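Report on one structure; see the data block that follows.
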Amino acid sequence: MWAADHFIKARLSAGEEGEGDHQGTGNGTAVITRTKTRLKRPSLYRVLLLNDDYTPMDFVIHVLERFFQKNREDATRIMLHVHNHGVGECGIYTYEVAETKVTQVMDFARQHQHPLQCVMEKK
Ligand code: TYC
């Protein structure tokens, strides 16, 4: 965990919001405006690889090493899981990171004329 994460965690668990500034409306009432930003945990997305009958096993292992920072042992384990079960998890990311991984894998597979499919799903 990053050092700053402890601070963010404390703010999240406090459900932090502004104390509010009181502003006159000119008609004897008042409105309260938020002065701090409420923090929300970002939604997370699983990035999945799908099995097919044609993409070489070594290519899938390379994809897992190159785009998902897996070592050879973990990449081989994930590839075999997808091969045997039809689908498997490569990693869990926030929306834009997950979307980028999917695009990178799909582009790379297409460049090499393999039918490998990569998708994302909300956790
Ligand atoms: N089933 C492929 C084969 O036998 C290997 C493979 C594994 C393909 C994982 C895609 O996501 C995949 N060559």
For this session: With a point put 7 Å past each Cα toward its Cβ, work out how far Asp58 is from Glu121 in nm, to one decimal.
Result: 3.2
Exercise. Residue separation times 0.36 nm, minus the C-alpha to C-alpha distance between Glu73 and Asp107: what's the value?
Worked result: 9.8 nm
Problem set entry | Heavy-atom accessible area ranking, 1.4 Å probe, most first, across Lys122, Lys36, Lys70, Lys101 | Lys122, Lys36, Lys70, Lys101
For this session: Go ahead and run the numbers for FRET between Lys40 and Leu80, Cβ-Cβ distance against an R0 of 30 Å, rounding to 0.05.
Result: 0.20
Problem set entry | Environment charge at Arg77 (Cβ cut-off 15 Å; Lys +1, Arg +1, Asp -1, Glu -1) | -3
Seminar exercise, completed: The correct ranking of Tyr95, Tyr45, Tyr54 by accessible area at 1.4 Å, largest first, is Tyr54, Tyr95, Tyr45
Seminar exercise, completed: Among Lys70/Lys101; Lys36/Lys122; Lys40/Lys70; Lys40/Lys122, the pairs whose Cα-Cα distance exceeds 18 Å are Lys36/Lys122; Lys40/Lys70
Exercise. So, how do all the Cα-to-Cα distances of region 53-97 break down into 10 Å bins, in percent, from 0 on up?
Worked result: 29, 55, 16, 0
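The values are calculated or read from the model by the stated rules, or taken from the named source; none is laboratory data. All figures in this text were calculated on a predicted structure; none of them were measured in a lab. As a convention, Cβ positions derive from the backbone with ideal geometry for all residues, glycine included, and neighbour counts pool all protein chains shown. For accessibility, only protein heavy atoms count, side chains too; no ligands or nucleic acids. Shrake-Rupley method; radii C 1.70, N 1.55, O 1.52, S 1.80 Å.
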